[in-house]
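The values are calculated or read from the model by the stated rules, or taken from the named source; none is laboratory data. This structure is a prediction, so every number in the text was calculated from the model and none was measured. Ideal geometry is used to build each Cβ from the backbone, glycine not excepted, and the neighbour counts take in all protein chains shown.
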Amino acid sequence: MSCKHIRIMAALLACLVSAGAGEGTDDSNIRLRGSLNNSRIEFERTGRGHVAFMGGSITEMNGYRPMVMEILERRFPKTEFTFTDAGISSTCSTTGAFRLERDVLSRGPVDLFFIEFAVNDDQDAAHQRRACIRGMEGILLQLRRHNPAADVVITYFVNPPMLEILQQGGVPVSIGAHEDVARHYGVSTIHLAGEVAERITGGTLTWEQFGGTHPKRPGNALCADMIEDLLSAAWAGPLQEDATKRPHPLPDAPLDANHYGQGRLVDPAEVRLGSGWALRVPVWKNLPGRCRERFADAPLTCATEPGAELTLTFTGKAVGAYVLAGPDAGVIEAAVDGREPRRIDLFHRFSANLHYPRTVIFEADLEPGEHTLLLRVTGAKNAASSGHAARVLRFVAN
């Protein structure tokens, strides 16, 4: 029996367990929970479908995403698909929760949503468990509020440190947190990281063959094959004539009460700029470091000199900023409602040659209601930075 057939059988077993207990088996790296029938009904009966992909560079690159698109188009040749690519290199699930409305939901209800943030929550954001949960849970809650029938698949890719943890019998923080969210909400998952670790340990695959953190074609094909196996198990047999779309059930309580389920990007017009701040497109050619093309023409809320201040009045429990942190990124102080200011170093370990997109959270556990943020550029800087710059793509609130 081929590996592919074994995976399909494992996924089918998961489907049977899920049907009986509401939870797929955790023995397989293909974990089918609940139902994916809503998207199938939409694709087959209306001839239309909106499929979205959100993640970091692994999603943005020419990798597993276009392969899954081809799988869906082959399976539903008469369906006219709208595919949304919401992959942005370097971004984590926190950024995902705040940009979800702009990059995905604004394009209409999503029928089938693929999410991957395990690697970026680990190596880019270096998130602890709480942040991994708040980001992923926030994405799911916003999605289900927008379309309660939306089907979801979360995939876990892998980098070398995560691989080592898996081979030693452990669970990387990001994967463990995302899996807990998936289990809590009955969401299917593809444990590509576990599959790769098992195959490498078993001697049937090497890291070089897989292709590394940004996999080569064989690594992406392995992921796409596992997703196809999941879909084959979920959509086995003909669609029943009386099948109807049903909203996915929500748990009685969230995993984290301060999840980013109300996450949003703040309109720059809401920010009150003081001396030293301006909303402008930087002249990137005059600055050290590279700016990725997707951000090159974006107006940013900018300051480069110590002492520059701005204020923002917002409603919610959390506030932060989605920034481009380059070689000259500085240190800022953020004070909410007159509290003791928190000092945040914007410089990232990947900032040396790149204006790196990252979301920094100033406060995340405020009481609900209206608050005022005072943000000031300090005279301090990271030892590796050449300046005091703060360049904000958008402020964020939750």
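Could you tell me which numbered condition MET69 fails, if it satisfies all but one of (1) without any contact (Cβ under 8 Å) to a residue 24 or more places away in the chain; (2) more than 24 Å from ARG292 (Cβ to Cβ)?
It fails just one condition, (2).
Which one of GLY307, GLY289, GLY330 is touching a Gly at 6+ places or on another chain (Cβ under 7 Å), closer than 13 Å to ARG376 by Cβ and surrounded by fewer than 22 Cβ atoms within 10 Å (Cβ to Cβ)?
GLY307
Return the only residue of ASN398, ASN353, ASN382 being closer than 21 Å to ALA308 by Cβ and modelled with pLDDT of 95 or more.
Of ASN398, ASN353, ASN382, the one residue that is closer than 21 Å to ALA308 by Cβ and modelled with pLDDT of 95 or more is ASN382.
Going by what's in this entry, would GLY96 be described as under 19 Å from ASN398 (Cβ atoms), crowded, with 23+ Cβ neighbours inside 10 Å and either modelled with pLDDT of 95 or more or not hydroxyl-bearing (Ser, Thr, Tyr) (or both)?
yes
If you check every pair at least six apart or on different chains, which have Cβ atoms under 6 Å apart with a residue in the stretch 139-165 that is acidic (Asp, Glu) first and a residue that is in a helix (DSSP H, G or I) second?
ASP151/ASN38; ASP151/SER39
Please state which of the following conditions LEU230 fails to meet, knowing it meets all the rest: (1) surrounded by 11 or more Cβ atoms within 10 Å (Cβ to Cβ); (2) within 30 Å of SER385 (Cα to Cα).
Among (1) surrounded by 11 or more Cβ atoms within 10 Å (Cβ to Cβ); (2) within 30 Å of SER385 (Cα to Cα), LEU230 violates only (2).
For ASN120, indicate whether it is over 24 Å from ALA253 (Cβ atoms) and either crowded, with 24+ Cβ neighbours inside 10 Å or of a type in the set (Ser, Thr, Tyr) (or both). Walk me through how you get there before you give the answer.
On the way: over 24 Å from ALA253 (Cβ atoms): yes; either crowded, with 24+ Cβ neighbours inside 10 Å or of a type in the set (Ser, Thr, Tyr) (or both): yes.
Against the criterion (over 24 Å from ALA253 (Cβ atoms) and either crowded, with 24+ Cβ neighbours inside 10 Å or of a type in the set (Ser, Thr, Tyr) (or both)), ASN120 qualifies.
Within the stretch 156-165, work out how many residues are assigned to a helix (DSSP H, G or I) and within 21 Å of the chain's Cα centre (by Cα).
4
Would you tally the residues in the stretch 62-118 being aromatic (Phe, Trp, Tyr) and in contact with a Leu (Cβ under 7 Å, 6 or more places away or on another chain)?
Total satisfying the criteria: 3.
Among (1) aliphatic (A, V, I, L, M); (2) in contact with a Lys or Arg (Cβ under 7 Å, 6 or more places away or on another chain); (3) buried (at least 23 other Cβ atoms within 10 Å of the Cβ); (4) over 29 Å from SER232 (Cβ atoms), there is one condition ALA177 misses while meeting the rest; what is its number?
Of the numbered conditions (1) aliphatic (A, V, I, L, M); (2) in contact with a Lys or Arg (Cβ under 7 Å, 6 or more places away or on another chain); (3) buried (at least 23 other Cβ atoms within 10 Å of the Cβ); (4) over 29 Å from SER232 (Cβ atoms), the odd one out for ALA177 is (4).
Looking at (1) over 30 Å from ILE133 (Cα atoms); (2) without any contact (Cβ under 8 Å) to a residue 60 or more places away in the chain; (3) among the aromatic types (Phe, Trp, Tyr), find the lone condition where PHE347 falls short.
(1)
Specify which of the listed residues (GLU73, GLU60) is over 28 Å from ASN159 (Cα atoms), at pLDDT 95 or above and surrounded by fewer than 24 Cβ atoms within 10 Å (Cβ to Cβ).
GLU73
Give me the pairs: first residue in the stretch 184-208 and over 27 Å from LEU250 (Cβ atoms) and modelled with pLDDT under 95, second residue surrounded by 18 or more Cβ atoms within 10 Å (Cβ to Cβ) and basic (Lys, Arg), beta-carbon distance under 7 Å, and six or more apart or on different chains, which are they?
Here the result reads none, with nothing in the stretch 184-208 linked to a residue that is surrounded by 18 or more Cβ atoms within 10 Å (Cβ to Cβ) and basic (Lys, Arg).
Here is a check on your reading of the model: is THR82 out of contact with any Pro (no Cβ under 8 Å at 6 or more places or on another chain) and closer than 25 Å to PRO161 by Cβ? Full working, then the answer.
Working: out of contact with any Pro (no Cβ under 8 Å at 6 or more places or on another chain): yes; closer than 25 Å to PRO161 by Cβ: no.
No; evaluated as a whole, the condition is false for this residue.
Out of the residues in the stretch 233-261 that are in contact (Cβ under 8 Å) with a residue 12 or more places away in the chain and farther than 17 Å from GLY34 by Cα, state the one that is surrounded by the most Cβ atoms within 10 Å (Cβ to Cβ).
Step by step, filter the stretch 233-261, then rank; the result is TYR260.
Give the number of residues within the stretch 364-396 that are under 26 Å from SER57 (Cβ atoms), surrounded by fewer than 24 Cβ atoms within 10 Å (Cβ to Cβ), in contact with a Gly (Cβ under 9 Å, 6 or more places away or on another chain) and not polar (S, T, N, Q).
Of the residues in the stretch 364-396, 1 are under 26 Å from SER57 (Cβ atoms), surrounded by fewer than 24 Cβ atoms within 10 Å (Cβ to Cβ), in contact with a Gly (Cβ under 9 Å, 6 or more places away or on another chain) and not polar (S, T, N, Q).
Keeping to the stretch 364-381, report how many residues are out of contact with any His (no Cβ under 9 Å at 6 or more places or on another chain) and in a strand (DSSP E or B).
Qualifying residue count for the region: 7.
THR91 is checked against (1) part of a loop (DSSP other than H, G, I, E, B); (2) more than 10 Å from the chain's Cα centre (by Cα); (3) in contact (Cβ under 8 Å) with a residue 40 or more places away in the chain and fails just one. What number does that condition carry?
(2) is the only condition that THR91 fails.
Scan the stretch 333-363 for residues that are buried (at least 18 other Cβ atoms within 10 Å of the Cβ) and in a loop (DSSP other than H, G, I, E, B) and jot them down.
LEU346, PHE347, HIS348, SER351, HIS355
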